[in-house]
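Here the structure is laid out as structure tokens; the discussion comes afterwards.
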């Protein structure tokens, strides 16, 4: 194994960022999981965590832009790790004003020496010094408007074209830009243990600055400090969750003593919110395809003091072999999807997805909804949600489901009706990231009519 292929860690933050970026590219690993694992495994000093996160996400988010800047200075073929090192370095030169450019070049050359040889180090040095001397070429000289937006926002051209067609040019551009901004740290307060004010007071005593959420009354957002590392979190006062992700549970309109099914439950953020809304009274059956993920739901429920959740693994499309028809008052189908609403959290999604991938999930989504239909009681409510902005997975899936099941009618999103900043149209909600700085999300609800 050559040096270039080794995962190198020598206490250097840029080395760590490069290793993370390489693993994302080679193994299609999720950036957020890999970053957290690296921080824990190597016990990275808190003062370095911010820079590591910035370098990893920034380089990943702006990859197409960085390649556009790099291209005129490259002659011949570059090894993948060398290209990634150059992207990482150009990101610092162009976007991070607090780091001196000469320090960026020096560090890149040192990394190139450790991972490769003197010739590679010389190439890296020459390219970066040329960029410092000549500057990067302006994006404005790209004549094709869609291609210019693609390079400017670092989103594939096919995706920009699709969004322009669905949402219009202004919304598409705003969404692409918003995807390159860091996600806010938000949490849901556990109403079984504390009020919003009590939770905020507990966090303030720990030196964590928080404010109330933008939309959901149960939510808070941190302006400084770590919610996940707080005593309040450990004691079960909080669940880390994006505000958009809370909306499907509000749409379920649950009450105590109901029987509820969460068909795609892990890691349990929505499941535990359902339990809180039911005052931990009733039955909540949480299913997930992957057995190892059930422990996430169970540990979350234990931390929050919730006892009404029962977990089971298996293919949720086959749940009617476990339960009798018309068994549940409420069913949540938070379906597996393309994830185009959470690009800011997982920037690699925009490079790894293809148009074909968007079609491949439709059958699974449709089968999950058909199973949910059979398990729903008369007058019961079924909520369908995704973390994507893709029409075919959202409104298109709703239309298809209603055509197939005439006794299912769209249900008003009563649990969302009084919330500000939500634009509900035809009883469906499509949140885009730029609407209130949250993840892109879709929510629709159906009621099974009595025969």
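Throughout, read-outs are computed from the coordinates displayed, never taken from laboratory work. What you see is a predicted model; the values in this text were computed from it and never measured. Cβ placement follows ideal geometry from the backbone for every residue including glycine, while neighbour counts extend to all protein chains displayed.
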Starting from the 7 Å offset along Cα-to-Cβ, what nm value, one decimal, do you get for the label separation of residue 146 and residue 315?
3.7 nm
How much FRET efficiency would the formula 1/(1 + (r/R0)^6) give for residue 161 and residue 192, where r is the Cβ-Cβ distance and R0 is 41 Å, rounded to 0.05?
0.30
Kirkwood-based shape ratio for region 134-178, expressed as Rg/Rh from alpha carbons:
1.02
Which three extents, in angstrom, do the Cα atoms of region 323-451 have along their principal axes, listed largest first?
46, 35, 24
FRET efficiency for residue 293 and residue 67 from the Cβ-Cβ distance with R0 = 25 Å, rounded to 0.05, comes out at 0.10
Between residue 231 and residue 374, Cβ-based FRET efficiency (R0 51 Å, step 0.05) works out to 0.70
How large is the direction-averaged shadow of the alpha-carbon convex hull of region 17-159, in nm²?
9.4 nm²
Going by Cα centres, region 198-239 and region 303-342 are how many Å apart?
28 Å
Fewest to most Cβ atoms within 10 Å: 260, 94, 398 sort as 94, 398, 260
The chain: angle of helix 31-41 to the longest principal axis, Cα-based, in degrees nearest 10
80 degrees
In the list (1) 75, 50, 43; (2) 55, 49, 41; (3) 65, 58, 45, the entry giving Cα extents along the principal axes in Å computed from the coordinates is (1)
All Cα pairs of region 200-248, percent lying beyond 11 Å:
66 percent
Would you mind telling me the antiparallel percentage of the DSSP bridges in the chain, rounded to 5?
55 percent
Computed lengthening from residue 211 to residue 450, 0.36 nm per intervening residue step minus Cα-Cα distance
81.6 nm
On C-alpha positions alone, give me the angle between the axis of helix 118-134 and the longest principal axis of the chain, in degrees, nearest 10.
80 degrees
Quick one: helix 46-61 against the long Cα principal axis of the chain, what's the angle to the nearest 10°, folded into 0 to 90?
90 degrees
Percent RCO, i.e. relative contact order, over the chain, from Cα pairs under 8 Å lying at least 6 residues apart:
13 percent
Mean separation of Cα contacts under 8 Å (6+ apart) over length of region 1-142, as relative contact order %
23 percent
Distance from the Cα centre of region 360-428 to that of region 32-71, in angstrom?
36 Å
